[in-house]
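The numbers here are math on the coordinates, done by the rules we state, and not lab data. Please read these numbers as outputs of a predicted model, since none were measured by experiment. Here the Cβ positions follow ideal geometry from the backbone for every residue, glycine too, while neighbour counts run over all protein chains shown.
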Amino acid sequence: MRFCNRCHKFTVGEPVFCNFCGSTYDVKLCSRQHPNPRYAKICSQCGSREMSTPQPRIPILFRPVLAVVVVLPRLLCVVFTIGGAALILHWLATDREGQQSVLLLILVALPPFLIWRWLPPSAQKITRGAFSLFIKLCSSPRKGKGRQP
């Protein structure tokens, strides 16, 4: 796995290019993919002047700090998601009213969902059109209604 210093994303494996921004990691490549040192102006094998752009260099001391800054928000998001799910599951396991609420929600939401899934695609299309027309009619301002001075 490689970390790109330009776009700050990880690419799986040992790639030559970043999958997100297209910069090369440690070398410059010509249009024929010949590897050259990162400061080369001309390809040493074919003489091409069309070279890839390598990612910027970051000093070795700042690399761990940058990695922590990039990974920490994602890690915190995962930890809070797992913690929230654990709290909800604990609440459902210990609270009878919560269990009844979830069961009632399932009993109310499941029949319309199953009916919708069993409808043929043409009936679903007609129903979607009728529902969107109903929403437009309900949300459009009414003209000519109300008192006139």
Per DSSP H run of n ≥ 4, the term is -39500 (n - 2.57); total these for the chain, divide by its residue number, and report the mean residue ellipticity at 222 nm rounded to 500 deg cm²/dmol. -17500 deg cm²/dmol
Just need the relative contact order of the chain here, percent rounded to a whole number, with Cα pairs under 8 Å and 6+ apart. 11
If every alpha-carbon in the chain counts as one equal scatterer, what log10 I(q)/I(0) does Debye give at q = 0.10 1/Å? -0.78
For the chain, modelled as a Gaussian network with Cα springs under 10 Å, which listed residue fluctuates most, 124, 99, 33? 124
Helix axis angle, 96-118 relative to the chain longest principal axis, alpha carbon, degrees: 90
Rounded FRET efficiency, nearest 0.05, which uses the C-beta distance separating residue 79 from residue 32 and R0 of 41 Å: 0.30
Spin-label model distance (nm) - residue 14 vs residue 128, 7 Å beyond Cα toward Cβ: 4.8
In nm, give the distance between the simple-model label positions of residue 71 and residue 87, each being 7 Å from the Cα along the Cα-to-Cβ direction. 2.7
The chain, Gaussian network, Cα under 10 Å: of 88, 58, 115, the residue fluctuating most is 115
What does the charge dipole of the chain about its Cα centre add up to, to the nearest 20 debye, if the Cβ of each Lys and Arg holds +1 and the Cβ of each Asp and Glu holds -1? 880
Place +1 on the Cβ of every Lys and Arg and -1 on the Cβ of every Asp and Glu in the chain, take the dipole about the Cα centre, and give the residue among 75, 137, 92 whose Cα lies farthest towards its positive end. 137
Trypsin sites (Lys or Arg not before Pro) restricted to DSSP loop in region 46-149 with at most 10 other C-beta within 10 Å: 49, 57, 142, 143, 145, 147
With bins 5 Å wide starting at 0, give me the P(r) of region 61-123 over every alpha carbon pair, in whole percents. 3, 14, 10, 11, 10, 11, 10, 10, 8, 6, 4, 2, 0
